[in-house]
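Down below is the structure, laid out as structure tokens.
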């Protein structure tokens with residue numbers, strides 16, 4: 001899978017960092033405003049998809065190989081479960097075990113921020129992996145068939 | 001011009017877009033019609049005061065549109081037209097409408113003080129101030145420390161439900177891997193046309 005024109009490449013190279021940063025912002029302020037783990041994870045995935053489409057499949061594999069996606073997806077899901085199980089030790093399943101902190105401050109909400117981070121990791125890695133499998137795998141098979 | 005009027009217009013727009021998506025022969029125009037329906041849904045979410053819902057909706061629509069167009073543009077294929085089974089369509093439509101009517105009457109009979117509450121009123125907390133949603137709204141900040149009540153409910157009060165959602169996404173992606181994988185697949189399976 002080839003990349004796009006130099007104009008697209010340079011624009012994407014400028015923008016991609018900001019997209020990722022916005023995704024991290026949405027993840028980390030999920031307990032303060034609209035957003036959260038799923039939305040932030042999808043933004044991070046969108047930035048990566050933009051990079052993959054602009055720079056082509058070979059570059060994408062250097063950046064994010066499928067195996068790493070699988071590991072990160074599993075680790076995110078596992079982290080969310082660990083948050084639930086640690087709460088079990090504090091009195092019940094999914095009990096908020098960290099201090100709630102002051103409302104409207106970034107350091108508040110207890111375990112909500114950790115859960116957001118875990119969900120974002122799982123969602124972003126899983127969707128990037130499915131994108132890689134869908135686009136690169138299918139197109140490689142198709143080109144082989146055309147020849 | 002009330003907000004219900006705008007939402008009704010958007011719902012009509014969504015129905016038209018869905019019909020175009022089903023009926024059009026060209027795959028690209030079907031994909032674009034699906035995208036239009038999704039964006040109209042996100043505008044409905046915004047009008048109903050749910051930015052937490054509209055935000056992922058817009059994102060998923062953009063991703064889906066990019067992905068589907070990228071896949072559709074590579075092949076000059078059009079969807080196959082088959083003759084329509086009128087009886088089956090009629091039965092499905094009838095079942096759907098009976099279900100909707102049943103839901104309407106069931107919601108009216110559940111002691112919600114005379115049917116479905118008006119637009120914008122919480123369903124579970126409208127009967128009295130002791131309703132569970134009223135409790136969530138008034139006590140979320142001190143209980144969970146989250147300024148965003150939606151996230152406080154999703155990841156603290158109702159985190160078990162969110163675990164179920166995360167499991168659904170996880171298993172769905174896992175199923176996608178199983179279908180699309182290249183590692184561990186037999187040689188002759190590569191000749192199968194990717195769908």
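The values are calculated or read from the model by the stated rules, or taken from the named source; none is laboratory data. Everything numeric here is computed off the predicted structure, so don't read it as measured data. Every residue, glycine as well, gets a Cβ built from its backbone with ideal geometry; the counts of neighbours run over all protein chains shown.
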Practice task
May I ask you to verify whether residue B:174 is within 30 Å of residue B:6 (Cβ to Cβ) and modelled with pLDDT of 70 or more?
Solution key: no
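Does residue A:127 fit the bill of being assigned to a helix (DSSP H, G or I), touching a residue at least 60 places away in the same chain (Cβ under 8 Å) and facing another protein chain (nearest Cβ under 9 Å)? Lay out the reasoning, then the answer.
Values: assigned to a helix (DSSP H, G or I): yes; touching a residue at least 60 places away in the same chain (Cβ under 8 Å): yes; facing another protein chain (nearest Cβ under 9 Å): yes.
Yes; evaluated as a whole, the condition is true for this residue.
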Handout entry: Per-region count, segment A:69-92, residues crowded, with 20+ Cβ neighbours inside 10 Å and part of a loop (DSSP other than H, G, I, E, B)
Key = 0
Problem - Count of segment A:47-59 residues which are facing chain B (nearest Cβ under 8 Å) and in contact with a helix residue (DSSP H, G or I) (Cβ under 6 Å, 6 or more places away or on another chain) - result: 1
Problem - Pick from segment B:25-62, criterion touching a strand residue (DSSP E or B) at 6+ places or on another chain (Cβ under 9 Å) and exposed (fewer than 15 other Cβ atoms within 10 Å of the Cβ), ranking: farthest from the other protein chains (Cβ to nearest Cβ) - result: B:25
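Yes/no per residue for (1) in a loop (DSSP other than H, G, I, E, B); (2) at pLDDT below 85; (3) within 14 Å of another protein chain (Cβ to nearest Cβ):
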| residue | (1), (2), (3) |
| --- | --- |
| B:88 | no, no, no |
| B:94 | no, no, no |
| B:112 | yes, yes, no |
| B:115 | yes, yes, no |
| B:119 | yes, yes, no |
| B:124 | yes, yes, no |
| B:162 | no, no, yes |
| B:184 | yes, yes, yes |
| B:188 | no, yes, yes |
